[in-house]
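Reviewing the structure listed below.
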Amino acid sequence: MSRFLRNQGWVAGLFALLIFLFVVTKLIQPGYGSGDFGSLARAVLPYAFAVAAQTVVVIAGGIDLSVAAMMALTSVTAASMMNGASEEYALFVVPFVLAMGLVLGALNGVLIVVTRVPDIVVTLAMLFVLQGAALLVLGAPGGAAAEWLKASVIGTVPVPGLPDWADAWVPKALVLLVVCLCIVWIPLRRSRLGLSIYAIGSNELAAFRSGVPVARTRIIAYALSGLFAALGGLSLTISTGIGAPIPGPYLLASVAAVVLGGVALGGGKGGLLGPIIAVFVLRLVRTDLTLLAIDPNVTAIIEGLIMVAVVMFGAFITMRSRPAGATP
Amino acid sequence: MTDIATMPRPVSFARRLKRFMADRPLIPLIILLFILVVILQILRPGIVNERWLANTAKFAIPLAILAGCQTMTMLTGGIDLSVGTVATMSAFIMATQIVNQDPAVAFLLAMLPAVLIGLVNGIGVGVFRVHPLIMTLGTSLIGTGFLQVYQRTVIASGAKIPDFLNWLGTGVTYGFPNALLLFVPVAVLIVFMLNRTGFGRLLYAVGDNERAARLSGVRYWQVITALYILSSLLAGITGLLYIGLIKAPSLSLAEPLVLPSVAAAVIGGTSIFGGRGGYTGTIIGALILTVLTTLLTILQMPEGGRRILFGCIVLFVTAAYLRIVEDR
């Protein structure tokens, strides 16, 4: 029991914080209901996928700075492919864009392994490249999304056996998020590969000596990150109906949520649940600020301050947890 | 073992070339710059004249100063991505405050955010040990937020470019751009500081081996804080120069210079991992990028293509330098 608490204590605390924030929201805005929760879930969607992308790589002991740019590229690709195309064509676009994310993510990993340049530099260079590619695909915000895709995040999922009032609290966007993450994450977590990802993040040398294929595992981790980023890009296109070539603030948000979610920036620790709850916490704070009728620009400042503070706190914890005198 | 070592072994040309490039990185850079100018002259005969030289210098100078910020921070193993926002902020504040304020007061107001952002960066990186990339990205996000709020307050008063900045940014005297009056002292100062002063030595020491530097009594956080404040101040001054050149205050004025400034420092031979490099190479790197941009404009390469190219340059050059260092 104590072991469970130690392992899951952070996530449990975070969940309590989320509940507390919901209560605060309800106090600020007594009318806060299922519809608002639905829009919260829609707003969380791209952030959650960005965070999932970052989490996989951070657990493997790396960092991916190209997450936001990857989302921009996949988003504009999807939007420009679906522009003027038939509804059925989108059935082809979705797997294509996901495969693109997977391949580009794997490219990140291959470049890191082959050039032996640190991940932070490789993904920074990839950030430039992907941003440029996004601009080449679509010079200005535009494109379109298929109607059925747009409909897939709006409204609620009718769950058999649940009364209507409870049904209203199950937005499609949330279900989509949970399903997508579970399909990839749960089999991974239980497989040898998932163990390898944790192993190389925890101690690369030890993992190598125990026979973990370090290079292959790293490439796969980055490929998965690319896949999640592509899901994020798709969800951006779906929820806005267009694609924008300039990346949003997803890089900093993803790092902040990873830190807040209890995943150590050194690697090897944490899971996916914590960061996802952290995203909800960060978005809900934003909602509360908006409900308090604070100027949206000021909200952006406060949000930025919170994210920077969280990242600082995470770095501080990491520093403390290392033996004294060691270089971080 | 010994007979292998003493055996006369012909040194291959590639190896000698590598060693030559490692010892004197400036010469290949100058050759590259020269080749680019020749290509330009071939593509557009007659373009290389006195006016073109002055123009190239004018556009290379802001880039070179910002690349100086990157050079200094990279020497400690860091990077400063907030320079674009800082430059934009000081330029925008200067242009709006000059309307009602005394020039000296406007200048001080314009430099205030630069100092603040530098201070926060320095504390985040030096004390809390946040990765510089994440930290400076975060402060630049916050800075942009503040700028948006600030913009609302000055919408009524309008903006104007002070005559002095106009003269400094665009003016040409006897074929030499006036901006050189600012750049030459700044460049001399940076080169002198890096090579001849204790602070400069500390930057190299911290970047080369942080632990050793710390054990020899270097106060890491003080060095880093001073460095990031200096970097921000330089960025702020660049903003003032740049507004005189571009003449249109906007909220994204200097953002397009951020990626090239990183690329210029990397091309100039400064290692992104710290401890190696210098400002002279960076200046040539900035010139190379400016000429390259002209070349790409003539070849009608779109902005996206340019970014892809810059990303590839950063990755390729870093990987190449890594090989050279490993070889020695």
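One residue stands out in the range B:127-183 among those that are away from chain A (no Cβ under 14 Å) and aromatic (Phe, Trp, Tyr): the one that is surrounded by the fewest Cβ atoms within 10 Å (Cβ to Cβ), namely B:TYR174.
Which of the residues spanning the range A:272-307 are more than 19 Å from A:ALA229 (Cβ to Cβ) and assigned to a loop (DSSP other than H, G, I, E, B)? Answer for the range A:272-307, where residues must be more than 19 Å from A:ALA229 (Cβ to Cβ) and assigned to a loop (DSSP other than H, G, I, E, B): A:LEU292, A:ALA293, A:ILE294, A:ASP295.
Quick check on the range A:88-95. Is at least one of its residues within 14 Å of chain B (Cβ to nearest Cβ), of a type in the set (Gly, Ala, Ser) and touching a helix residue (DSSP H, G or I) at 6+ places or on another chain (Cβ under 7 Å)? Looking through the range A:88-95, none of the residues is within 14 Å of chain B (Cβ to nearest Cβ), of a type in the set (Gly, Ala, Ser) and touching a helix residue (DSSP H, G or I) at 6+ places or on another chain (Cβ under 7 Å). Here B:ILE246 fulfils each of the conditions (1) crowded, with 18+ Cβ neighbours inside 10 Å; (2) closer than 26 Å to B:ALA110 by Cβ; (3) more than 13 Å from chain A (Cβ to nearest Cβ) apart from (1). Between B:VAL115, B:VAL125, B:VAL149, the distinction of being modelled with pLDDT of 85 or more, more than 20 Å from the chain's Cα centre (by Cα) and part of a helix (DSSP H, G or I) belongs to B:VAL149 only. Can you pull out every residue in the range B:38-52 that is in a helix (DSSP H, G or I) and in contact (Cβ under 8 Å) with a residue 12 or more places away in the chain? B:ILE39, B:LEU40, B:LEU43, B:GLU50, listed by residue number. Is it true that some residue in the range B:280-287 is within 14 Å of chain A (Cβ to nearest Cβ) and surrounded by fewer than 21 Cβ atoms within 10 Å (Cβ to Cβ)? No: zero hits. Exactly one residue among B:GLY275, B:GLY217 is in contact with an Asp or Glu (Cβ under 7 Å, 6 or more places away or on another chain), of a type outside the set (Val, Ile, Thr) and either without any contact (Cβ under 8 Å) to a residue 60 or more places away in the chain or surrounded by fewer than 21 Cβ atoms within 10 Å (Cβ to Cβ) (or both), and that residue is B:GLY275. Name every residue in the range B:297-314 that is more than 14 Å from chain A (Cβ to nearest Cβ) and in a helix (DSSP H, G or I), in order of residue number. Passing the criteria: B:THR297, B:ILE298.
Within this structure, B:ALA263 fails the test of being in a helix (DSSP H, G or I), more than 14 Å from chain A (Cβ to nearest Cβ), surrounded by 24 or more Cβ atoms within 10 Å (Cβ to Cβ) and under 10 Å from the mean Cα position of the chain (by Cα). With respect to the stated conditions, B:LYS247 fails to be of a type in the set (Lys, Arg), modelled with pLDDT under 85 and over 22 Å from the mean Cα position of the chain (by Cα). Just one of the listed residues (A:GLY270, A:GLY274) is within 18 Å of the chain's Cα centre (by Cα), modelled with pLDDT under 85 and away from every other protein chain (no Cβ under 11 Å), namely A:GLY270. Residues that are under 19 Å from the mean Cα position of the chain (by Cα) and more than 17 Å from A:TYR250 (Cα to Cα) within the range A:288-320 comprise just one, A:GLY314.
Taken as a whole, the structure places B:ILE190 among residues that are buried (at least 18 other Cβ atoms within 10 Å of the Cβ), farther than 18 Å from B:MET89 by Cα and more than 14 Å from chain A (Cβ to nearest Cβ).
Checking each residue in the range B:162-179 for being closer than 23 Å to B:CYS69 by Cβ and either assigned to a loop (DSSP other than H, G, I, E, B) or at pLDDT 85 or above (or both) picks out B:ASN178, B:ALA179. Please tell me if B:THR294 is among the polar types (S, T, N, Q), surrounded by 22 or more Cβ atoms within 10 Å (Cβ to Cβ) and assigned to a helix (DSSP H, G or I). Taking the combined requirement at face value, the residue does not satisfy it.
Taking (1) of a type in the set (Val, Ile, Thr); (2) at pLDDT below 85; (3) under 22 Å from A:ALA146 (Cα atoms) in turn, A:THR237 satisfies each apart from (2).
Has the range A:68-90 got any residue that is in contact (Cβ under 8 Å) with a residue 40 or more places away in the chain, β-branched (Val, Ile, Thr) and surrounded by fewer than 24 Cβ atoms within 10 Å (Cβ to Cβ)? Scanning the range A:68-90, I find no residue that is in contact (Cβ under 8 Å) with a residue 40 or more places away in the chain, β-branched (Val, Ile, Thr) and surrounded by fewer than 24 Cβ atoms within 10 Å (Cβ to Cβ), so the answer is no.
Residues in the range A:138-179 that are closer than 13 Å to A:ALA79 by Cα, outside any loop (DSSP other than H, G, I, E, B) and touching a Gly at 6+ places or on another chain (Cβ under 9 Å): A:GLY142, A:LYS150. Checking A:GLY101, A:GLY62, A:GLY109 one by one, the residue that is more than 10 Å from chain B (Cβ to nearest Cβ), surrounded by 22 or more Cβ atoms within 10 Å (Cβ to Cβ), touching a residue at least 24 places away in the same chain (Cβ under 8 Å) and not in a helix (DSSP H, G or I) is A:GLY62 and no other.
Of the candidates A:LEU127, A:LEU135, the single residue that is farther than 21 Å from A:PHE49 by Cα, among the hydrophobic types (A, V, I, L, M, F, W, C) and not in a loop (DSSP other than H, G, I, E, B) is A:LEU135. In the set A:GLY38, A:GLY33, only one residue is touching a Pro at 6+ places or on another chain (Cβ under 6 Å) and modelled with pLDDT under 85; that residue is A:GLY38. For the range B:278-309, filtered to residues that are of a type in the set (Gly, Ala, Ser) and touching a residue at least 12 places away in the same chain (Cβ under 8 Å), the residue that is farthest from A:PRO245 (Cα to Cα) is B:GLY278.
For (1) surrounded by fewer than 23 Cβ atoms within 10 Å (Cβ to Cβ); (2) within 14 Å of chain B (Cβ to nearest Cβ); (3) of a type outside the set (Phe, Trp, Tyr); (4) under 26 Å from B:ILE313 (Cβ atoms), each residue gets a yes or a no:
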site	(1), (2), (3), (4)
A:THR115	yes, yes, yes, yes
A:THR123	no, yes, yes, yes
A:MET126	no, yes, yes, yes
A:VAL153	yes, no, yes, no
A:THR156	yes, no, yes, no
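Does B:VAL317 meet the test of being without any contact (Cβ under 8 Å) to a residue 24 or more places away in the chain, within 14 Å of chain A (Cβ to nearest Cβ), among the β-branched types (Val, Ile, Thr) and out of contact with any Asp or Glu (no Cβ under 8 Å at 6 or more places or on another chain)? Considered against the rule, which asks whether it is without any contact (Cβ under 8 Å) to a residue 24 or more places away in the chain, within 14 Å of chain A (Cβ to nearest Cβ), among the β-branched types (Val, Ile, Thr) and out of contact with any Asp or Glu (no Cβ under 8 Å at 6 or more places or on another chain), B:VAL317 comes out as no. Out of all the residues in the range A:194-205, is one or more touching a Phe, Trp or Tyr at 6+ places or on another chain (Cβ under 9 Å), at pLDDT below 90 and within 14 Å of another protein chain (Cβ to nearest Cβ)? Scanning the range A:194-205 turns up no residue that is touching a Phe, Trp or Tyr at 6+ places or on another chain (Cβ under 9 Å), at pLDDT below 90 and within 14 Å of another protein chain (Cβ to nearest Cβ). Screening A:ALA207 on (1) without any contact (Cβ under 8 Å) to a residue 60 or more places away in the chain; (2) part of a loop (DSSP other than H, G, I, E, B) shows it passes everything except condition (2).
The values are calculated or read from the model by the stated rules, or taken from the named source; none is laboratory data. Worth saying up front: this structure is predicted, and the values here are computed from it rather than measured. Glycine also receives a Cβ, built like all others from the backbone with ideal geometry; neighbour counts cover every protein chain displayed.
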